[in-house]
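Asker: Here you go, one structure.
Only the coordinates and a few stated rules stand behind these numbers; no lab work does. As the structure is a prediction and not an experimental result, all values here were calculated from the model. Quick reminder, even Gly has a Cβ in these numbers, built from the backbone with ideal geometry, and neighbours come from all protein chains shown.
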C-alpha cells in the first residue's frame, strides 16, 4: 500500500482517489495573492516534487487557472508533470473567480463566461475533458448557484467536463446544485480553527449524500494562503509530541478523522514537508486525543 492510500480511498463520481492529495496553489510562489511571496519554485524542481507525490500514492491534484504568479502557472506545472508520468491522476480545477494577465482580480464570472474559463483550463492542462470542475463561490453571500451550475452542467453534457463540484458554499447551495446534476465534491475552508462547515451541518450533509468534503487551509488555518506559522495551540502540540509527529500532521489527521468522505489537499514546495503531509494519513488519533482537540482553546491553556 502506498503512503497516500493509508487513510483509505473515496470516489469522486466514478474516479477513485486516495484520501490524501496535493494542492498546487503554492507551486506558483504566491498562489492567489497579488503580491510576491519569494522566489518561485524552479520548473524542474516543481515537476520533481509532483512526481515524488505521485510516487507516494497521491492521485488527486487540486489546481485552478487563477493560481498563477508573474513567472509560474500551477496548471502548466501540473500539465508538465503529468505529461511525463504514466499513472492515473485525477485533476480537480475550479472556475468562477478570475484574474487578468497582470494578476488583478476580476468580478465573478457570469454564467455565459464559464465556458471560456473551462476551455482555458483545458488548454493549460492539456486535456480534452476535465476530470472535475468546482464552481467556486463566496459562501452565504451568494444568493443562488443555479444559473452558474446549470451552465457547467451543459458543458458536462457537451463532454468538456466529467464531474462537477462546489467550493465556498453552504448547505442550501448543495441542495440547489444537486437538483440540477450530481455534486461529487465540496471544497471549503475548514480545520481546527475554522469549523463553520461543522456549525452549519455541511460536513455531515456531504457524508449523508456520499459527497467528498475537501478542506482547504486545514494546516494554515487563519493564515489562509500564507504558509503555516509556529504552532500556537497547546492541544495540537501535546498530541504531536505523543505521536512524535508534527503539528501540521495532527491538524491534517484531525480533518481526516471527521469522516471517510473527508479528503486532504495540503500544498507545499518542500519535499520533506510533502512527505510529512502525506504521512499524516498514517496517523491514528485516539478518542481521548480527538476529544482534547475538540475542546475550547481556553480549557487547555
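Asker: Per 0.36 nm of contour for each residue apart, how much would the distance between residue 241 and residue 270 grow if the chain were fully extended, relative to their Cα-Cα spacing?
Answerer: Taking 0.36 nm per residue and subtracting the Cα distance, the gain is 8.2 nm.
Asker: Working out 0.36 nm times the residue gap between residue 179 and residue 105, then minus their Cα-Cα distance, what length gain in nm do you get to one decimal?
Answerer: 23.6 nm
Asker: Shifting gears a bit: For the chain, take the longest principal axis of its alpha carbons; what is the angle in degrees between that and the long axis of helix 247-256, to the nearest 10 within 0 to 90?
Answerer: So the helix axis and the longest Cα principal axis differ by about 60 degrees.
Asker: I've got another one for you. Quickly rank 209-215, 285-291, 21-27 as a protection proxy: mean count of other C-beta atoms within 10 Å, highest first.
Answerer: By packing density, highest mean first, the sequence is 21-27, 209-215, 285-291.
Asker: Can you tell me the length gained on complete extension of the stretch residue 290 to residue 71, counting 0.36 nm per residue apart and subtracting the Cα distance?
Answerer: 74.7 nm
Asker: When the helix-only estimate is applied to the chain (DSSP H runs of n ≥ 4, each -39,500 (n - 2.57), divided by the residue count), what is the mean residue ellipticity at 222 nm, nearest 500 deg cm²/dmol?
Answerer: Helix contribution divided over all residues of the chain: -10000 deg cm²/dmol.
Asker: Oh, and also: Which angle between 0 and 90 degrees, to the nearest 10, do you get for helix 114-125 versus the longest principal axis of the chain when only C-alpha atoms count?
Answerer: 70
Asker: Roughly what would the spin-label model give for residue 39 and residue 193, points 7 Å off Cα along C-beta, in nm?
Answerer: My value for the distance between the label points is 2.9 nm.
Asker: Okay, moving on. Can you give the FRET efficiency for residue 55 and residue 207, using 1/(1 + (r/R0)^6), R0 = 35 Å, r = Cβ-Cβ distance, to the nearest 0.05?
Answerer: Calculated value: 0.70.
Asker: According to a simple spin-label model (label point 7 Å from Cα along Cα-to-Cβ), what is the distance in nm between residue 16 and residue 85?
Answerer: The modelled label-to-label distance comes out at 1.9 nm.
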